[in-house]
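Remarks on the structure that follows.
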Amino acid sequence: MTGGGFSRRQVLQLLGGAGAAAVLGPVLAGCDGGERSFAQAGPTTNLGRGGWCWFQAPRAALAPDDRLWLGTTVDGTGSSRDGQVEVTAFDTRTRRVVERHTLGDRRADDHTSPSVYLIGSRPQVAWAPHAREDWIDVGMVGSRLQRIHRPASLSGVGRGMSYASAHQVAGARWILYRGEEFSWNLLRSTDAGRSWTAHGLVIAPNASGQRPYMCAASDGQRLHLMATNGNPTEYRGNNVGYCSIDGNLTIRDNAGKTIGRVGSSPAPVGALTRLFTGKPGATEQTDTDGWVCDVKIVDHHPTAILSVRDNWPSGGSNVGNWRHRYLWARQRNGGRWTVEHLAWAGSELYKNQPDYTGLGVIDPSNPSRTVISTDVHPATGTPLRSSADGKVHHELWEGLRTGEGKWAWTALTANSRLDNLRPVITSNGHRKSLAWLQGTYTAWFDWSTDVLVRST
């Protein structure tokens, strides 16, 4: 069981017998492609202003009592609330906000949005200031957060600690953060979060000043990571690689070969198993660069969505300055990876960040189900011009894998007056929720979006 749900294969194994599929067809349909689409879900609820980045993980969690917990940073209210770091509990049954907690108050910056990691029915939250400051706050919602200082994380103008990616590995709580050497480091607690030990650097950059970006997910015993060489606007021909970390902090490539150890010998980013190879162009403007959107563990295998930026081809249906596409990556039995074209992702979110897309996510209990944000049709690349205002907007689409390299697409939003961005899917085993942002993003420090939720 992963993400609170059973796969078709797990049900068959539990029932033991090839005839089980014939007996329980409707049950098995609910485990895979036959499950209820978000297009058929209940009404959409607006939770008010909020935004998030995507290198904090998880951004949301659905508790056993059907409360959806969401971590956000507020902007666009024109009030003193702008810049507040918040966590909100939304009852998906009554469709009402039942709790809202303020964790901190900074300038408006979506990088400060917290991770929300469910422990039992209550979330552990963690966030960092994304400024020249040396601390991260972590603790359980409703309790005083513990401030952990890492003075060596300070480097350069405005560079300190940022992001918080929370996981449980081999019975211990782990938090990854960007700090020392401008890369990813590990905090670990073996006493239920009462104290935290800093174990040091996880991924070693190619060169001083490079900053790998990473998404991670745990299968309970190992942490699986997707990491880039650097920021794609700074690293020419940005690659995406994979590794895993054992509970004893040994770092391994896809073949199981030891490529490092957290702290004492961090894995060089070039030693990771390559999933996507970028291509430097004549200038940064003509590079082909990869980035990471999401990774989940489903049926004990990592599954991810990557994004790729390159130039629009001559005669293409240009939207924005660059063309983007999503890739679907899944580790199969025996360790073999499938990396295939998933969808066209359209334009950059705003021109100052050519690699920012609307993003895509994997269903936590079905690796063949995704939700993406794009301003072109995911299959044809045709711009999505809204009949409401005549403008091209990012819309949400649900994708279901129907065969090798084949995806069927269902529109979840259409003809919008505002962009629909940065979706998140959560599951607790009997209910799933889709949360996303609707509004306008101008920069990571300037946005005006509402948090919308739809549940099955």
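The values are calculated or read from the model by the stated rules, or taken from the named source; none is laboratory data. All figures in this text were calculated on a predicted structure; none of them were measured in a lab. Neighbour counts are summed over all protein chains in view; Cβ atoms, including those assigned to glycine, are modelled from backbone coordinates with ideal geometry.
Below, the figures for the structure above:
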quantity	calculated
Output for segment 265-280, where each listed residue is touching a strand residue (DSSP E or B) at 6+ places or on another chain (Cβ under 7 Å) and not in a strand (DSSP E or B)	P266, V269, A271, L272, G278
Any hit, segment 287-309, residues being touching a helix residue (DSSP H, G or I) at 6+ places or on another chain (Cβ under 8 Å) and either buried (at least 22 other Cβ atoms within 10 Å of the Cβ) or among the acidic types (D, E) (or both)	yes
Hits in segment 178-211 - residues which are out of contact with any Gly (no Cβ under 6 Å at 6 or more places or on another chain) and at positive phi	E181, F182, A192, G193, G209
Selected residue (only one of N420, N428 is out of contact with any His (no Cβ under 9 Å at 6 or more places or on another chain), surrounded by 16 or more Cβ atoms within 10 Å (Cβ to Cβ) and under 22 Å from G50 (Cβ atoms))	N428
Residue ranges of strands (runs of 3 or more DSSP E) in segment 387-456 with at least 2 members acidic (D, E)	395-403, 446-455
Qualifying residues in segment 313-334 (those that are among the small types (G, A, S) and either more than 18 Å from T286 (Cβ to Cβ) or surrounded by 20 or more Cβ atoms within 10 Å (Cβ to Cβ) (or both)) - the one modelled with the lowest pLDDT	S317
Selected residue (criterion: nearest to P58 (Cα to Cα)) from residues of segment 402-454 that are out of contact with any Phe, Trp or Tyr (no Cβ under 9 Å at 6 or more places or on another chain) and among the basic types (K, R)	R431
Residue in segment 61-73 that is at pLDDT 50 or above, farther than 25 Å from H300 by Cβ and assigned to a loop (DSSP other than H, G, I, E, B) present	yes
Scan of segment 304-337 for residues that are farther than 22 Å from E398 by Cβ and either in contact with a Leu (Cβ under 8 Å, 6 or more places away or on another chain) or of a type in the set (F, W, Y) (or both), ordered by number	W312, W322, W337
Sole exception among (1) aliphatic (A, V, I, L, M); (2) touching a Pro at 6+ places or on another chain (Cβ under 6 Å); (3) under 26 Å from G237 (Cα atoms) for V141, by number	(3)
